[in-house]
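Here's the structure we're looking at; comments come further down.
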Amino acid sequence: QFINNTQVKANESVIKNIHQKAHTSTSKHMHDWFTNNPNEWKEYHKQRELVKQTWEIDPVDVIAQEINSRNDVNKIADLGCGLAKLSTLVKKPNEVISVDHYSEDHNVIKADIADLSTYIKDGEIDITVFCLSLWGINYLDYIKEAYRITAKRGFMYIVQPKENLSTMVSSEQK
């Protein structure tokens, strides 16, 4: 489906507004906001799906290919899963635990990623995935929680735009 430049800019504007809110708030605040405003979560993902049609590569596809090529994986945690696409791409018998602030998918755990102790045990996960999901001023709490749930010889896949990572690194060096 073809999307014109004007429509892409409008979609990107909706996404940018929510990103701005997310990058200046705690994950708890965002979790509460999405829980109380599910239409905002739905609109964000609707617009993001339209914008993704203009991408050359969807990083979730790349991550799924990598996971499917491995023989040493049983459990994957997709933290900030959005529409839980990874769970549809990863081959069985692997199990994907999908987590996001909100979802209409009953298979998705609705939680603040900064604390998943109610849902996931220490070292239970072989691969933890953050695909464009390190939101909030307390994103390091996400990393700490991922470290807790990831097995000793497990892996963490992080996909973030380069400009976001450089901002994150420079803010941590202050």
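Values in this text are rule-based calculations from the coordinates and carry no lab data. Predicted model, so just to flag it, every value in this text is computed and none were measured. So basically every Cβ, Gly included, is an ideal-geometry build from the backbone, and we count neighbours across all protein chains shown.
Measure up LYS52/LYS144; LYS75/LYS110; LYS28/LYS91; LYS42/LYS162 against 24 Å on the Cα-Cα distance and list the ones that go over.
Values: LYS52/LYS144 29 Å; LYS75/LYS110 18 Å; LYS28/LYS91 32 Å; LYS42/LYS162 26 Å.
Beyond 24 Å: LYS52/LYS144; LYS28/LYS91; LYS42/LYS162.
How large are Rg and Dmax for the stretch 103-156 when calculated on the C-alpha trace, in angstrom?
That works out to 11.2, 33 Å for Rg and Dmax.
So what is the relative contact order for the stretch 64-127, in percent, with contacts set as C-alpha pairs under 8 Å and at least six apart? Numbers along the way, then the final one.
Details: 90 pairs, mean separation 21.3, N = 64.
Answer for the stretch 64-127 is 33 percent.
Per the Debye formula with a single identical scatterer at each Cα and no solvent contribution, what log10 I(q)/I(0) holds for the stretch 46-172 at q = 0.09, 0.10, 0.16 Å⁻¹?
Log10 I(q)/I(0), no solvent term: -0.24, -0.30, -0.80.
Please report, to two decimal places, log10 I(q)/I(0) for the stretch 26-82 at q = 0.17, 0.20 Å⁻¹ as given by the Debye formula with identical point scatterers on the Cα atoms and no solvent.
With no solvent term, the Cα-only Debye profile gives -0.79, -0.92.
Run the quick spin-label model on LYS121 and HIS23: label points 7 Å from Cα toward the beta carbon, then report their separation in nm to one decimal.
In this crude spin-label approximation the distance works out to 3.9 nm.
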